[in-house]
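See below for the structure under consideration.
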Amino acid sequence: MSALHEKAISFITQMYDEKQYNSTDLHNRIEAVCKEIASTGSYSHTYDELNYGAKMAWRNSNKCIGRLFWDTLNVFDYRDETSPDQIFKRIKEHLEFATNDGKIKSTVSVFPPKSNDLEIRILNHQLIRYAGYETNDGIIGDSDSISFTKKCMELGWSPKYGSFDLLPIVIQVNNETPRLYELPHDIVMEVNLSHPSHDWFKDIGLKWYAVPVISDMQLEIGGIEYNAAPFNGWYMVTEIGARNFADDYRYDMLPVIAENLELTHKSNRFFWQDHALVVLNEAVLFSYQEAGVSMVDHHTAATQFKQFEKNELKSSRCPTGDWSWLVPPIAGASTHLFHKPYDNTVHSPNFFYQQRLY
Ligand code: ARG
């Protein structure tokens, strides 16, 4: 039996068992899959399998604290789209559907899987992301995007050298030259940041986008590798407030906020970073709420994750997790996550990192 056979059977068996399909259906399906693999070298999922497999992949994503809602994932089947133009059109539809005027819907769009004669990749790390430039006067924009921004420029994209320039969508089919597409601004929801009690905050001029859509990971279900399967949830406040704007290798805003708070004594014993972090996170959550954009705070997310753990145990599954990712970057020990170990076993289906193409 080939590795693909084994992975297919194991997935089908687990899924049909969880959904309590009867054993005749299970055996018929396994027989059909084996026949298909024998004659074509691969097999294709029914929509039901794709839909449930994608949900299982989210459920098995050990780094994700938001998995209580795995069962509510919206799964779009775009397996017959093979042209970059069509793929871009579907990507725009995904953004509009998932943004939903701010009431964000968790969504994955599944494009054709990797096969002997087709491989589709979206080169962007996320569908919406700001450019980053290394200039003689220092870094402008998001340093995390520097190498991808360079790639876009090589492919003909014109840099604007702003702090929040939307990067184009870059789609590659097989070994063809990647195609670039500008996202229309009206489908990209953004939130300007202000603080409920510090008036100066809005004048710093920060903003972030509403929907994080990871687009460079592989969705693997039963041995089938969907290399282009962008997926989104909604933000947890600390992703933006304690990382994207706070890390000194990202937007590095803590010194600016500390200055505005008149925390001029930058000695460690004044906890200036800690104060600045709380203010920054207050601003992010307040601004998203004011704008009507879904966002969860880290304490609520931890409580939701606790419920997920309970649900998994009740379904006779062992909840798995990656402690170093699950514990939020501020107030870690104020959540239950900090105080227990997590089993980081990686189950399939899942989302996997894949090699960057830039
Ligand atoms: N941490 C990433 C970012 O700040 C997003 C990762 C996905 N997050 C999510 N809430 N689904 O852009």
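Coordinate-derived values only; no laboratory data. Just so we're clear, the structure is a prediction, and the values are computed from it rather than from any experiment. In this analysis, Cβ positions are derived from the backbone assuming ideal geometry, glycine residues included, and neighbour counts consider all displayed protein chains.
Points worth noting:
- In the stretch 1-49, the trypsin sites (Lys or Arg not before Pro) that fall in loop regions by DSSP, at most 13 other Cβ within 10 Å: LYS19
- Degrees between helix 23-40 axis and first principal axis of the chain (Cα, 0 to 90, nearest 10): 90 degrees
- Cα Rg, Dmax (largest Cα-Cα span) when computed across the stretch 211-325, Å: 18.4, 57
- Calculated FRET efficiency for the pair ASP203/THR177, C-beta based, R₀ 41 Å, to 0.05: 0.45
- Taking the fewest neighbouring Cβ atoms within 10 Å as the starting point, the ordered list for TYR226, TYR21, TYR43 is TYR21, TYR43, TYR226.
- Between SER23 and LEU155, the distance separating the two model label sites (each 7 Å from Cα on the Cα→Cβ line) works out to 5.1 nm.
- The equivalent ellipsoid of the chain has semi-axes of 38, 26, 16 Å, largest first, where each one is the square root of 5 times an eigenvalue of the Cα gyration tensor.
- Nearest 10 degrees, 0 to 90: helix 47-59 Cα axis against the chain principal axis: 40 degrees
- Extension gain (nm, one decimal) between LYS89 and SER315, 0.36 nm per residue minus Cα-Cα: 77.5 nm
- q = 0.12, 0.15, 0.26 Å⁻¹, the stretch 189-268: log10 I(q)/I(0) [Debye, one scatterer per Cα]: -0.51, -0.69, -1.32
- Gained length - HIS347 relative to ASP137, 0.36 nm times residue gap less alpha-carbon distance: 71.0 nm
- For ASN350, residues with placed amide H under 5 Å, excluding near neighbours: GLU220
- Geometric descriptor of the stretch 82-238, per residue, is 134 Å³ (volume of the convex hull of the Cα atoms).
- Rg and Dmax over the alpha-carbon atoms of the stretch 268-358 stand at 16.9, 48 Å.
- Angle in degrees between helix 272-290 and the longest Cα principal axis of the chain, rounded to the nearest 10: 60 degrees
- In summary, the convex hull built on the alpha carbon positions of the stretch 319-358 has an orientation-averaged projected area of 4.3 nm².
- Note, ³J(HN,Hα) from phi for the stretch 100-113, Karplus 6.51, -1.76, 1.60, rounded to Hz, x at Gly and Pro: 6, 6, x, 8, 4, 10, 5, 8, 10, 10, 9, 9, x, x
- Long-range amide H partners of GLU225 with built H, under 5 Å: LYS114
- Each of HIS339 and ALA32 was given a label point 7 Å from its Cα along the Cα-to-Cβ line. The distance between the two points is 5.0 nm.
- Computed log₁₀ I(q)/I(0) - Debye formula, equal Cα scatterers, no solvent, the stretch 65-129, q 0.14, 0.17 Å⁻¹: -0.48, -0.70
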